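K.L.:
Here it is, the structure in full.
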Amino acid sequence: MEKQGDFFDDYKNDDSALKVNDGIKQPPVINPYLADRPLRRPRIKSVDEYMAGIEAGDTTILSQAITLVESLSPEHRKVAGEIIARCQRLAADRKTMRIGITGVPGVGKSTFIEAFGSHITARGHKLAVLAIDPSSERTKGSILGDKTRMETLVRDPKVFIRPSPSAGSLGGVARRTRETILLCEAAGYDVLFIETVGVGQSETAVHSMSDFFLLLMLSGAGDELQGIKRGIMEMSDLIAITKADGNNVEKAKVARSLYASALHLFPPTESGWVPTAVTSSAVTKEGLDDIMKKLEEYFELVTGNGFYLKRRREQARYWMYESINESLKDMFYESETIGRLLPDYEQAVLEGKLDSFAAAEELIEKYNS
């Protein structure tokens with residue numbers, strides 16, 4: 001077969017009017033000197049260094065400490081555990097507002113958070129936004145693109161935005177979100193938004209770590225009362241109908257009325273709060289004052305009747321059990337015995353030689369023996 005360059009070689013004689021010049025040599029795609037450089041890993045600071053930065057409100061140190069907490073490396077866990085313990089003691093006496101925010105996909109959670117977040121910081125609060133991004137089941141990677149959708153908030157010095165991958169955690173709640181909350185509170189952030197991936201199992205986990213649960217809903221998407229599970233509505237302290245602007249205003253008002261009526265059918269809440277529904281628009285900023293007013297009324301109520309403190313203690317108890325479950329799972333999969341046996345058992349299940357329940361029981365027995 002004739003080479004590609006042979007065609008041009010025929011015209012490289014002196015009698016031809018066509019002159020083919022040699023191309024410019026392209027530089028290598030990868031820096032050739034890069035391989036000679038030693039791989040530098042970031043230095044793990046001491047607990048005192050991390051705490052000094054956190055207490056000073058240094059967002060760089062805070063981000064590094066959160067990364068350490070999220071790490072699965074055994075060498076990081078000890079340092080992270082000490083940081084968490086000290087942050088918990090530091091934040092114990094601070095009155096903060098943990099607000100869980102959820103809603104169906106496409107409801108505009110990021111747009112709402114940016115508009116409402118600016119509304120909150122304008123009142124003198126410091127805001128931390130903990131956004132949970134779904135991880136790919138195939139690659140385990142996450143886009144972590146919430147910062148790009150919150151262009152105004154990301155430039156606000158009173159705001160700290162931390163997107164975290166769900167990393168396979170049940171329902172899309174980042175595994176260390178609870179600890180991240182403690183670090184942010186120790187850094188002086190008095191309002192925290194915990195944004196979930198979407199309506200699903202994650203709401204139970206987020207509800208267990210928040211003081212106020214805000215549900216965002218769309219209008220005009222069919223039968224509104226059938227658009228979401230009753231369990232999610234029962235957990236909600238407030239429902240906000242988003243995108244109530246332009247031609248959608250009347251539809252939003254109808255949806256608000258339907259949800260408000262449905263909420264009155266549920267049993268009274270333990271806190272004494274009566275959930276309701278409002279309309280809002282991140283574009284026109286209509287309804288943001290109403291949501292802020294409801295928040296202030298709620299926290300005034302629960303701090304006055306003692307439910308705030310009770311709720312925080314319940315959160316701590318819930319996450320004690322969750323930490324136990326996670327630690328036991330880690331210990332199981334990190335076991336050398338399980339690591340050696342697991343591939344064979346997995347293959348036996350795939351081939352139908354062993355059912356999954358029997359395989360699980362045998363592996364647990366071998367782990368305990």
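The values are calculated or read from the model by the stated rules, or taken from the named source; none is laboratory data. All values derive from a computational prediction rather than experimental measurement. Because the Cβ atoms are built from the backbone with ideal geometry, glycine has one as well, and the counts that use them run over all protein chains shown.
K.L.:
Is it fair to say GLU49 is under 24 Å from the mean Cα position of the chain (by Cα), at pLDDT 65 or above and within 30 Å of TYR189 (Cα to Cα)?
P.N.:
Values: under 24 Å from the mean Cα position of the chain (by Cα): no; at pLDDT 65 or above: yes; within 30 Å of TYR189 (Cα to Cα): yes.
Against the criterion (under 24 Å from the mean Cα position of the chain (by Cα), at pLDDT 65 or above and within 30 Å of TYR189 (Cα to Cα)), GLU49 does not qualify.
K.L.:
Return the residue satisfying two criteria in turn: it lies in the range 204-248 and is surrounded by 24 or more Cβ atoms within 10 Å (Cβ to Cβ) and assigned to a helix (DSSP H, G or I), and of such residues it is modelled with the lowest pLDDT.
P.N.:
Residue satisfying both the conditions and the ranking: ALA205.
K.L.:
Quick check on this structure: which one of LEU170, LEU144 is at pLDDT below 85, more than 23 Å from GLN64 (Cα to Cα) and within 13 Å of the chain's Cα centre (by Cα)?
P.N.:
Just a single option satisfies the conditions, and that option is LEU170.
K.L.:
Just for the range 147-167: of the residues that are in a loop (DSSP other than H, G, I, E, B) and at pLDDT below 65, which one is farthest from ILE232 (Cα to Cα)?
P.N.:
ALA167
K.L.:
Residue under question is GLY106, and the condition is that it be under 19 Å from LEU216 (Cα atoms), assigned by TED's automatic domain parsing to the domain that holds ASP211 and surrounded by 24 or more Cβ atoms within 10 Å (Cβ to Cβ); does it hold?
P.N.:
Here the answer is no, as GLY106 does not meet what is asked.
Residues checked against (1) under 17 Å from the mean Cα position of the chain (by Cα); (2) within 30 Å of THR279 (Cα to Cα); (3) not in a loop (DSSP other than H, G, I, E, B):
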residue	(1), (2), (3)
HIS76	no, no, yes
GLU82	no, no, yes
ALA85	no, no, yes
ASP93	no, no, no
THR102	yes, yes, yes
THR111	yes, yes, yes
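K.L.:
Could you check, for the range 327-346, whether at least one of its residues is within 25 Å of the chain's Cα centre (by Cα), modelled with pLDDT under 95 and surrounded by 12 or more Cβ atoms within 10 Å (Cβ to Cβ)?
P.N.:
Yes.
K.L.:
Still on this model: Can you confirm whether ALA359 is more than 34 Å from the chain's Cα centre (by Cα) and either assigned to a helix (DSSP H, G or I) or of a type in the set (A, V, I, L, M) (or both)?
P.N.:
So ALA359 does not fit the description; no.
K.L.:
Only one of these is outside any helix (DSSP H, G or I) and more than 27 Å from VAL69 (Cα to Cα): LYS353, LYS366. Name it.
P.N.:
LYS353
K.L.:
Also: Starting from the range 265-281, take each residue that is at pLDDT 90 or above and list its partners that are in a loop (DSSP other than H, G, I, E, B) and β-branched (Val, Ile, Thr), counting only C-beta distances under 8 angstrom and pairs at least six apart or across chains.
P.N.:
Filtered contacts from the range 265-281: PRO275/THR269; SER280/THR242; SER281/THR242.
K.L.:
On to the next question. Given the options LYS310, LYS294, LYS285, name the one that is under 30 Å from GLY272 (Cα atoms), touching a strand residue (DSSP E or B) at 6+ places or on another chain (Cβ under 6 Å) and modelled with pLDDT of 90 or more.
P.N.:
Numbers: LYS310 fails: touching a strand residue (DSSP E or B) at 6+ places or on another chain (Cβ under 6 Å); LYS285 fails: touching a strand residue (DSSP E or B) at 6+ places or on another chain (Cβ under 6 Å).
Answer to the selection: LYS294.
K.L.:
Can you tell me which of GLU179, GLU114, GLU137 is over 27 Å from GLY287 (Cβ atoms), among the acidic types (Asp, Glu) and modelled with pLDDT of 85 or more?
P.N.:
After ruling out the rest, the residue left standing is GLU179.
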